Amino acid sequence: MVRKIAFLIGLGFIAVLLIGLVSTIIDAVRTPAPESASHEFHLEPRPAGFSSDGVFGKWDRAQLQRGFQVYKEVCAGCHSMRLVSFRDLEQIGYNEAEVKAIAQQWPVEQPSINEETGEPATRKNLPSDRIPSPYANEVAARAANNNALPPDLSLMVKARDDGTDYIHSLLTGYREQPAEVVAKFPDAKTPDGLHYNPYYANLNIAMPPPLASDGQVTYSDGTKSTVDQMARDVAAFLTWTAEPNLERRHAAGLAAVLFIVIFCFLAYGAYKNVWADMKH
């Protein structure tokens with residue numbers, strides 16, 4: 001008797017779930033979600049073809065150094081990179097002396113305490129220090145950016161779908177809002193203080209175009225610094241900050257695949273040898 005009651009209760013529970021599912025589908029068909037400008041005019045990131053793409057991807061260290069230069073001269077004024085230490089830059093080709101010079105010349109110093117007076121002070125950065133934020137705290141960051149909080153860029157590539165291509169597309173995607181957007185969706189006009197970018201989720205972004213013109217950065221290796229080139233380089237650099245072990249991970253994966261292939265051949269050879277004298 002107890003089993004029958006339990007069965008009926010379970011059957012009723014399943015029936016309620018099915019009724020809810022069917023009613024939800026019927027409502028969705030009868031009253032579809034209203035169209036929106038972001039749904040119709042939002043663009044997916046353009047594939048840009050980076051050296052780190054794919055299972056055999058590897059770093060172009062010259063590009064990573066150019067990307068760091070773009071970050072330092074353009075992005076670091078607003079965006080922090082709290083998970084990256086100066087000494088990590090040795091992984092992209094800088095030597096110990098260069099890293100030390102970069103740390104000491106960084107425009108933002110580390111907070112400290114004056115040992116003589118006990119008052120708050122600052123000190124020069126050391127290679128072991130994390131790259132400091134340009135703002136003292138979140139309140140200061142919002143106050144300097146019209147209440148918009150510039151995100152930390154350490155893991156930005158991981159935080160966005162197609163992160164590397166997304167950053168490249170976003171940085172090169174600023175444009176005037178097409179008239180057809182406002183014609184079809186009058187309420188979607190880009191508000192004052194925001195900027196139209198079809199690669200951003202809601203089309204309007206608070207960040208002004210950071211790469212406004214060619215030649216904004218003078219590369220030390222002589223590479224021509226077009227907007228597209230600078231966007232590619234900083235996107236590659238931010239990919240490295242989010243995935244510094246990419247090359248080692250790819251190498252380990254390749255070694256594992258080779259091991260499995262060799263093991264399969266050895267296992268097959270052992271099988272043939274053991275059962276060679278057996279009659280079928």
**Q.** Local electrostatic count at Arg46 - Lys and Arg +1, Asp and Glu -1, tallied over other residues with Cβ under 11 Å
**A.** -4
Q. Among Glu90, Glu180, Glu73, which one shows the biggest mean-square fluctuation in a GNM of the chain, springs joining Cα atoms closer than 10 Å?
A. Glu180
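What value, in deg cm²/dmol to 500, does the helix sum -39500 (n - 2.57) over DSSP H runs of n ≥ 4 give at 222 nm once divided by the residues of the chain?
The helix contribution divided over the chain gives -14000 deg cm²/dmol.
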Q. What residue among Val227, Val157, Val22 shows peak mean-square fluctuation when the chain is described by a Gaussian network model with Cα springs under 10 Å?
A. Val22
**Q.** Dipole of the stretch 82-132 [Lys/Arg +1, Asp/Glu -1 at C-beta], most positive-end residue of Ile131, Gln104, Ala121
**A.** Ile131
Q.
Between Asp221 and Leu149, what is the label-point separation in nm under the 7 Å Cα-to-beta-carbon projection?
A. 3.6 nm
**Q.** Dimensionless Rg ratio for the chain, taking C-alpha atoms and the 2.2 N^0.38 Å reference
**A.** 1.48
Q) How far is it, in nm, from the label point at Tyr271 to the one at Ala252 when both lie 7 Å from their Cα along the line to the Cβ? A) 3.0 nm
(Q) Amide H of Val84 versus every other amide H placed in the peptide plane: which residues, excluding those fewer than 5 positions away on the same chain, fall under 5 Å? (A) Ile131
Q.
Spelling out what I want: for every residue of the stretch 247-259, take phi, set θ = phi - 60°, compute 6.51 cos²θ - 1.76 cosθ + 1.60 (Karplus), and round to whole Hz; glycine and proline get x.
A. 5, 5, 5, 5, 5, 5, x, 5, 5, 5, 5, 4, 4
**Q.** Over the stretch 82-132 - Rg/Rh using Cα atoms and the Kirkwood inverse-distance radius
**A.** 1.06
Q. How large is Rg/Rh for the stretch 39-179, to two decimals, with Cα atoms and a Kirkwood Rh?
A. 1.03
Q) With springs only between Cα atoms under 10 Å, which of Ala15, Ala256, Ala97 fluctuates most in a Gaussian network model of the chain? A) Ala15
(Q) Residue by residue through the stretch 141-149, what is 3J(HN,Hα) from phi via Karplus (6.51 cos²θ - 1.76 cosθ + 1.60, θ = phi - 60°)? Round to whole Hz and write x for glycine and proline. (A) 5, 5, 4, 8, 10, 6, 6, 8, 9
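Laboratory data are not the source of any read-out in this text; all were calculated from the coordinates shown. This one's a predicted model, so the numbers in the text were calculated from it and none came from an experiment. Every residue, glycine as well, gets a Cβ built from its backbone with ideal geometry; the counts of neighbours run over all protein chains shown.
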